[in-house]
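Contents: one structure, followed by commentary.
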Amino acid sequence: MHPAARTRATRTTRTTFRTGPTPVPQPRTARVRSLIDADALRVLHRAARILLDDLPELTDRLLAVLREQEPAYRTALENDQAATWQEAYRSLRHSVTSLLDPRGTREAAHRCTWRIGVTRAEQGLPLDALLHAFRLGGSLVWQRLVEETARSEPEDIRLLVHVATDVWNFVDEHCTLLADAYRQAERQLTWRRENRVRLLASALLDGTSRIADLPEAAEGLGLPEHGRYVVVAAAGGPPQDPTRVRASTLPPAYWHSGAEVDYGIVLVGEAGDGKDDRDPVTALALPADGAAGR
């Protein structure tokens, strides 16, 4: 080659090396991460399939811990152990099957959790105890996944770290759903109770109440079933501070809101007591600017 040509070629090569873009290797992180995730899912699915066969034992473990730690569940187990066991079993089954097929089992798992929240609200089981049970169930599922992997393939335990978030996201999602179902059912129950009391009070006031309803009416109104009562009509509303009725000298009363006036069912004497000569209208400390009568 001619020396000048060789020189130009050399310079061209050096110029390209100095000013051209620096070769950057293609990132392998995404590919490596994908492979790790695939291996982690394989390990998770293998352990989850074994857990499906061990669900009765896992359910027994969960209920044993709840019996020890949660008085509310201790009572539930004493009252209906079979139903409580089935409830825990169904919940754990959805937890494990969701690890195998998150999309396919999502709606069924949600329905199961919602039903549990509503049922337990109706039964009066405390929400805190219910949430503790769900979190404890998630913890036991995760513990069994680790135990099974350690038994069968100890070297794969490190891979479970990559799917731990999926397990706990499921638990958190269902705890939120559970609380929503519980509170909604609780609001409905409160409305039903209050409406039932209003109906019972209305029946007492208009004289259509049945004798068979009197014990329920007394309990709902917070008044003794046997006693002497008067009805007070107050245009100015009930006492200024009806919450003080029990703790003060105000006579016990239940107030029923009417279209134009409020009606007070006022206890003026317990059964067997002597006659109370107090005027209930005066004793109730009704608003001074309102009209009242008995």
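The values are calculated or read from the model by the stated rules, or taken from the named source; none is laboratory data. This one's a predicted model, so the numbers in the text were calculated from it and none came from an experiment. Counting neighbours? That spans all protein chains shown, and the Cβs are built from the backbone with ideal geometry, glycine included. Surface accessibility is based on the protein's heavy atoms, side chains included, excluding ligands, DNA and RNA. Shrake-Rupley method; radii C 1.70, N 1.55, O 1.52, S 1.80 Å.
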Inset, instruction - Can you confirm whether region 210-224 contains a residue that is under 30 Å from residue 106 (Cβ atoms) and among the small types (Gly, Ala, Ser)? - result: no
Inset, instruction - Given the conditions (1) of a type in the set (Lys, Arg); (2) in contact (Cβ under 8 Å) with a residue 60 or more places away in the chain; (3) farther than 30 Å from residue 59 by Cβ, report the number of the one that residue 144 does not fulfil. - result: (3)
Legend entry - Odd one out for residue 268, checked against (1) at pLDDT below 80; (2) exposed (fewer than 12 other Cβ atoms within 10 Å of the Cβ); (3) not in a loop (DSSP other than H, G, I, E, B): (2)
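Conditions (1) of a type outside the set (Gly, Ala, Ser); (2) without any contact (Cβ under 8 Å) to a residue 24 or more places away in the chain, marked per residue:
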residue	(1), (2)
199	yes, yes
209	no, yes
213	yes, yes
216	yes, yes
226	yes, no
230	yes, no
233	no, no
Legend entry - Every pair of residues 6+ apart whose Cβ atoms lie under 6 Å, when the first sits in region 159-184 and is in a helix (DSSP H, G or I) while the second is open to solvent by 70 Å² or more (accessible area, probe 1.4 Å) and at pLDDT 90 or above: 181/114
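Conditions tested, residue by residue: (1) open to solvent by 20 Å² or more (accessible area, probe 1.4 Å); (2) among the basic types (Lys, Arg); (3) out of contact with any His (no Cβ under 7 Å at 6 or more places or on another chain).
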| position | (1), (2), (3) |
| --- | --- |
| 80 | yes, no, yes |
| 83 | yes, no, yes |
| 93 | yes, yes, yes |
| 103 | yes, yes, yes |
| 109 | no, no, no |
| 113 | no, no, no |
| 122 | yes, no, yes |
| 155 | yes, no, yes |
Inset, instruction - Please determine, by comparing only the residues of region 57-78 that are acidic (Asp, Glu) and in a helix (DSSP H, G or I), which one is surrounded by the most Cβ atoms within 10 Å (Cβ to Cβ). - result: 60
Inset, instruction - Please find, among 75, 113, the residue that is under 26 Å from residue 187 (Cα atoms), in contact (Cβ under 8 Å) with a residue 60 or more places away in the chain and not charged (D, E, K, R). - result: 113
Inset, instruction - Test residue 205 against the criterion of being within 17 Å of residue 256 (Cβ to Cβ), part of a helix (DSSP H, G or I) and in contact with a helix residue (DSSP H, G or I) (Cβ under 9 Å, 6 or more places away or on another chain), and give yes or no. - result: no
